[in-house]
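To start, the structure under review is shown below, and the notes come after it.
The values are calculated or read from the model by the stated rules, or taken from the named source; none is laboratory data. As the structure is a computational prediction, the values presented were derived from the model and not from experiment. Methodologically, a virtual Cβ is constructed for each residue, glycine included, from the backbone with ideal geometry; neighbour enumeration extends over all protein chains shown. Just the protein is used for accessible areas: all its heavy atoms, side chains included, with ligands, DNA and RNA removed. Shrake-Rupley method; radii C 1.70, N 1.55, O 1.52, S 1.80 Å.
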Amino acid sequence: MESFKQYEFCGLCKRNHQKGNKHVYQREHRAKVVKRISALSAQVAEAKNSLLSQPELTRLISAPEKVWCPLCQVEYSRDARIAARSAKHLGVVAHVSSNEHRRCVFEFCREQRVGCELSRGAVISDEEYQSIYKRISERLLEHECEESIYVQEEADKIRQSELRKASILYWASKQPAAQASSSLADPTDSRVDKPIPPWLMDNDSAPAPIGPTLQDLESKFQLYHGK
């Protein structure tokens, strides 16, 4: 019976094998190596394009989104803080430019027997990271300037509106009471086309009663009884 010590486990292929060092040269295994490095390289390229073209800066910092580095086998934050803002994808370039990441990439390539030129897209130099960070800092200053201008414009609109309201209230308080009362319509004024209350009507202008009066009822009662 064969001993289990003769088998080795491959983390990429997710299976045991007895090929020893020859396993890393098999076509299926090398395809998985290239796929893992290419996936990280694509992620780094997307982060760089986003940061250099139109970086997303947010003031509200929520729970950071975590991403997985397939070469370092560690989890890290996708975004990173710069000043009082959060820059999307800045954590990705910060991670792939670290010394620990470069060491893990070198070890991965050495163990898998692949050239380091295959992993160039999965690593960022210190100079490139500093260039990206400088670009983000400049965009942050522009963003804060634009935000300050917008806030100032909105504050000016509110200030002008409050001044107009205060001016109207001031001139209204300066008007004499007689002038203010004269502006109210007099209900007894004939020029006002409004219904006149009964207590302000003259006797001549009183409206006709609705229905029979008491005198009408008495006259009908006398006629009925022949009186």
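A few points about this structure:
- Test: residue in the range 26-40 that is modelled with pLDDT of 90 or more and either under 30 Å from GLU146 (Cβ atoms) or part of a strand (DSSP E or B) (or both): no
- Restricting the range 79-91 to residues that are in contact with a Leu (Cβ under 9 Å, 6 or more places away or on another chain) and surrounded by 17 or more Cβ atoms within 10 Å (Cβ to Cβ), the residue that is nearest to ALA45 (Cα to Cα): HIS89
- Identity of the residue in the range 57-76, at pLDDT below 90 and surrounded by 14 or more Cβ atoms within 10 Å (Cβ to Cβ), that ends up farthest from GLU127 (Cα to Cα): PRO64
- Filtered by the rule that a residue be assigned to a helix (DSSP H, G or I) and open to solvent by 60 Å² or more (accessible area, probe 1.4 Å), the range 43-56 gives GLU46, ASN49, LEU52, SER53.
- The set of residues in the range 112-134 being among the β-branched types (Val, Ile, Thr), crowded, with 17+ Cβ neighbours inside 10 Å and not in a helix (DSSP H, G or I) consists of VAL123, ILE124.
- Enumeration of residues in the range 1-37 that are closer than 23 Å to TYR76 by Cα and touching a residue at least 24 places away in the same chain (Cβ under 8 Å): LEU12, VAL33, VAL34, ARG36, ILE37
- Any hit, the range 135-143, residues being open to solvent by 100 Å² or more (accessible area, probe 1.4 Å), at pLDDT 85 or above and part of a helix (DSSP H, G or I): no
- Within the range 7-18, the set of residues being assigned to a loop (DSSP other than H, G, I, E, B) and either out of contact with any strand residue (DSSP E or B) (no Cβ under 8 Å at 6 or more places or on another chain) or surrounded by 13 or more Cβ atoms within 10 Å (Cβ to Cβ) (or both) comprises GLY11, LEU12, CYS13, LYS14.
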